[in-house]
Every structure is written in C-alpha cells, then in structure tokens.
1. Given the options Ala41, Leu28, Ala52, identify the residue whose Cα lies farthest towards the positive end of the charge dipole of the range 7-55 (+1 on Cβ of Lys, Arg; -1 on Cβ of Asp, Glu).
2. On a C-alpha basis, how far is the centre of the range 285-311 from the centre of the range 116-189 in Å? Whole number, if you could?
3. Normalised by the number of residues in the range 307-393, what is the relative contact order in percent for Cα pairs under 8 Å and 6+ residues apart?
4. Within 10 Å of each residue's Cβ, count the other Cβ atoms and sort Met106, Met298 from fewest upward.
5. If each DSSP helix of 4+ residues adds -39,500 (n - 2.57) and the sum is divided by the residues in the chain, what number results at 222 nm, nearest 500 deg cm²/dmol?
6. Which of the peptides 144-151, 230-237 is most tightly packed, and how do the rest follow, going by the mean number of other Cβ atoms within 10 Å of each residue?
7. Counting pairs of alpha carbon atoms under 8 Å apart in space and at least six apart in sequence, what relative contact order in percent does the range 210-280 give?
8. For a 28 Å ceiling on Cα separation, which of these pairs sit above it: Lys255/Lys393; Lys170/Lys393; Lys170/Lys190?
Amino acid sequence: MTLTFEDARACVLRNGRLGTETEPVCLLEASGRVLSEPVVADRDYPPFHRSARDGFSVRAADLPGALRIAGEVRAGDAFHAPLQPGEAVEIMTGAPLPAGADAVVMVEHTARDGDRVRIDRTLQSGDNFTPQGTEARAGEVVLSPGRRLGFAEIAALAMVGRECVNVYRKPRVSILPTGDEIVEAGERPKPFQIRNSNALSLAAQVMRAGGEPAILPIARDNYESTRSAIERGLQADLLLLSGGVSAGKYDIVEKVLADVGAEFFFDRVKIQPGQPLVYGAVQGTQFFGLPGNPASTMVTFEVFARAAVELLAGANEALLPLLRAKLSSDFRHKPGLTRFLPAAVSADGTTVAPVAWHGSGDIAALARANAFLVAEADRETWEAGEDIRVLLK
C-alpha cells in the first residue's frame, strides 16, 4: 500500500503502541525521560506573598505620603509584626510581605531620610508582588503523566520536594543493518564495500527520541541470515531494519517479514528520499523497514519511526517539529512527492538555503546541513523570500 506523507504519518500515530512499564529514577537521571505519574504541589507556590522588587512594602491606602520605616525583611527571613497604618518595611526581592502590606513600591521611586521614606506616587493593592498560591495551589497537579522531562520540569520536581520520580521505561529498539556490501565502521572496506554508518546514525536518533538502541550483527542478503536476524530483532519493543526493502533481486526483507507473520500497514510512501518504506507489526512488535541510503534512513526515521519510539517511551504526543523559514534563493522541484532535502537554516532561524548534495548517499552533505527543506508535493516553484517548511535535524 502506497500512502502520502501525511497519511503515512497519521498511520504511525494511529497504530503506535504506548509504553506501559515504569521505573523510578533520581532527578539527575530523569532528564529526557517521560513522566508516568501525576506530580502535585506539596504546598502553595509561592507559599507567601512574594515581593517582586527591591523597595518598601506598604499599605496602598497610605500613598502618597511620608511613612515611618518599621524595619527590614530580606529573602529567607520574615517580618513578624503586622504593618501598621503610616508604616513601611524595607523589603528585598523574593522576601515575604509583612502582614497588612498589600503593595511594594520600587526603591527607585522613593526618597529616604533617616527612619522615614517619602513616596510621591500612588499604588494599587497587589502591585509588585506575587500573591500566595498564584503559581500552584497545594494538591494541584503541576506535571501530568506523558510529559517529557526537560530542565524546567526537573526544576518543578525539585520545587515540590521530589528527589526521585516514576518514569516510563525506555523502549528497547533493535537496529538491524542488512546488505552484503556493508562492513563495520572500524574495518577497511574493499573498493566495492561501504562502512556501516546507518546503524550508528539510527542508534543516535533512537537515543535522542528516548529509546535504548541495540545494534544487531549485519544480516547478509540471503534468506537464512535475514530471517534469523529478524526473529532476534523482534524480541525488542521495536525493530528498525536498514536496507533490503527496495525492488531489487536481493531485497528480501519484505518476504521474510511476511513469512514470519507480519501485518503490513504500508510499504511505500510518496516522499523522497525514502519511498520504499515498510511499516507493520508481528505479534504486537512493530517494525520499520527503512531504505538503505543514508539520507533515506535518516529522514524516514525522523518523520515516521521517531514517533513510534516516542510513543513507546510514554509520551502523550509525538510532534513533528516543522517550522517555516524564508528561502534565500529561488527553488523548484518536480511535484508529486514530498521532498526532504539537506538545508542550512540561518543562526537566527529566519532563512533557509538548500545544501548542495549528490543524492541520498551523500553523507558529507547531510553532515553539513542542520535541517531538511520540506518541499510540498503539490507545488513546483518557490521564489526567494517565500516561506517554506523546514524540519530541523
């Protein structure tokens, strides 16, 4: 079955299996993991009316006027007497307002003379402080299951007193390179051989998506080797095959998958690079047969297989980060396929330029690019300055 880019992506999201197994981890190990439990606030945040400025805490009704300075309060301390009419308490950013105060005047808007402070402006009740509980109330859910934990989420966990947290287990992803022409990266290839770059690039992509990669030995282009390797790879949560899915005489991956009972959701996608992409499942374990050319492998993982890994890792959504940037030069392509072409996005993210390359085996060009330009299937030309979609690497 041949699908458009959009329909194939929807198929993966629809059929993707959600992770269920969980484990506890400490916060220093939690970055990039997916939360499996709701996290609630252990108290109000802020737990007091918190000053947002250095200055004086006052009663707004006393302004403008000259007030007696009754004392000082700084962050980490408290002023224990209630503020009386006609009084002000010097206060630092982050400190709790004294009882009775309902505003903070910035120090630059005051004139101090001994134990008196002159304030020649009015304030509204609530000015320049954060009221207790406005960020989160005690018992309120601050992080929900399915949320990927980044630096801000780690801070929130620490804020509410969590040193450990329950997350979804990383999915185990088998990576199976195929082909008689492939040798390992550390070997010296013969003139007609290539090094096994796809397995390593896929492993990096899997780790970035939240999975745990396991690279299997290269399956050679014969039935017995390929079937044995596939059966081993299907013991993981997800199997990624690289190569062997085109229409060549020795491309036998689909036949072997069919023989082990695979259900195929699609076997071709209207994209370039990466048309001969196979997606399906065998007894609950999903697989992707990724085309063997490096650009095809990288693109099809990012656009399709990455979503499957993220769902297995427990994420409640798998987003495709398609942005828009302005072309730095005219661009055209042959319509009919959605194309993902190596590109360079400017440092400020506003413009994009295609990177010269020599086809989907050009790893050097892929390494020079920091994005893929996404050319829509139903359009042929773009002029310099027009917006076009971009997929960041």
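1. Final value for the positive-end residue is Ala52.
2. 27 Å
3. In percent, rounded to a whole number, it is 39.
4. Numbers: Met106 16, Met298 26.
Placing the least packed residue first, the sequence is Met106, Met298.
5. Estimated from H runs of four or more residues: -5000 deg cm²/dmol.
6. 230-237, 144-151
7. Numbers: 61 pairs, mean separation 16.5, N = 71.
Relative contact order, the range 210-280: 23 percent.
8. In this structure, Lys255/Lys393; Lys170/Lys190 exceed 28 Å between Cα atoms.
None of the figures in this text is laboratory data; all of them are computed from the coordinates on show. Keep in mind it's a predicted model, so treat the numbers as computed, not measured. Here Cβ is always computed from backbone atoms with ideal geometry, including for glycine, and neighbour counts include all displayed protein chains.
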